[in-house]
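Since the structure comes first, as structure tokens, the remarks are kept for the end.
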Amino acid sequence: VWLTIIVLFTIGTFGISSMSNVPASITRMWTPSDFVLHAIEYGLLAWCMLMYFHAIQFTARRTPAAYIRAFLFSGIVGGLNELWQAHVPHRGPSGSDVLANFVGAALFIGLFHLVKVREEMNSS
């Protein structure tokens, strides 16, 4: 189920990025709300990756390798999405968006870790 969610999420993200109805002057402009939206979007993708790891192997959910893979996957997909936008009329890539993608992934991975640690403490 989680792998399906990840695939659909990624396809949806690229689909939205393929829309060329946003003027280039706006897409190149950095705004705090744009940064937050990117952070949430790619943070959720990283969270989904951790849930996928949890589904395929219970112990993988909190290993450093799982965190690193989720972080890199989310950030790389976000980076590729920005490169994709370079080929969409009236859109363009943004370094601040790539940064926001990685920041969001890191924040959501940290949140995931805290939630799982708290669950374990409450179940003990």
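The values are calculated or read from the model by the stated rules, or taken from the named source; none is laboratory data. Just so we're clear, the structure is a prediction, and the values are computed from it rather than from any experiment. Note that we place each Cβ from the backbone using ideal geometry, even for glycine, and neighbour counts take in every protein chain shown. The accessibility values were calculated without ligands, DNA or RNA, using every heavy atom of the protein model including side chains. Shrake-Rupley method; radii C 1.70, N 1.55, O 1.52, S 1.80 Å.
When 1/r is averaged over all different Cα pairs and the result inverted, which Kirkwood radius in Å belongs to the range 69-124?
Answer for the range 69-124: a Kirkwood hydrodynamic radius of 12.8 Å.
With a 1.4 Å probe and every protein chain kept in, tell me what percent of the accessible surface of the chain is carbon plus sulfur.
Its accessible area is 73 percent carbon and sulfur atoms.
How big is the Cα convex hull of the chain in projection, averaged over all directions, in nm²?
7.8
Which residue, Ser33, Ser74, Ser18, tops the fluctuation ranking in a GNM of the chain built on C-alpha contacts under 10 Å?
Looking only at Ser33, Ser74, Ser18, the largest GNM fluctuation is found for Ser33.
Express the accessible area of the chain per residue in Å², computed with a 1.4 Å probe while the remaining protein chains stay in the model.
The answer is 58 Å² per residue.
For the chain, set up a Gaussian network in which alpha carbons nearer than 10 Å are linked by springs, and say which option among Val98, Val88, Val77 fluctuates the most.
Highest fluctuation of the listed residues: Val88.
First measure r as the distance between the Cβ atoms of Arg118 and Trp84, then evaluate 1/(1 + (r/R0)^6) with R0 = 35 Å and state the FRET efficiency to the nearest 0.05.
0.40
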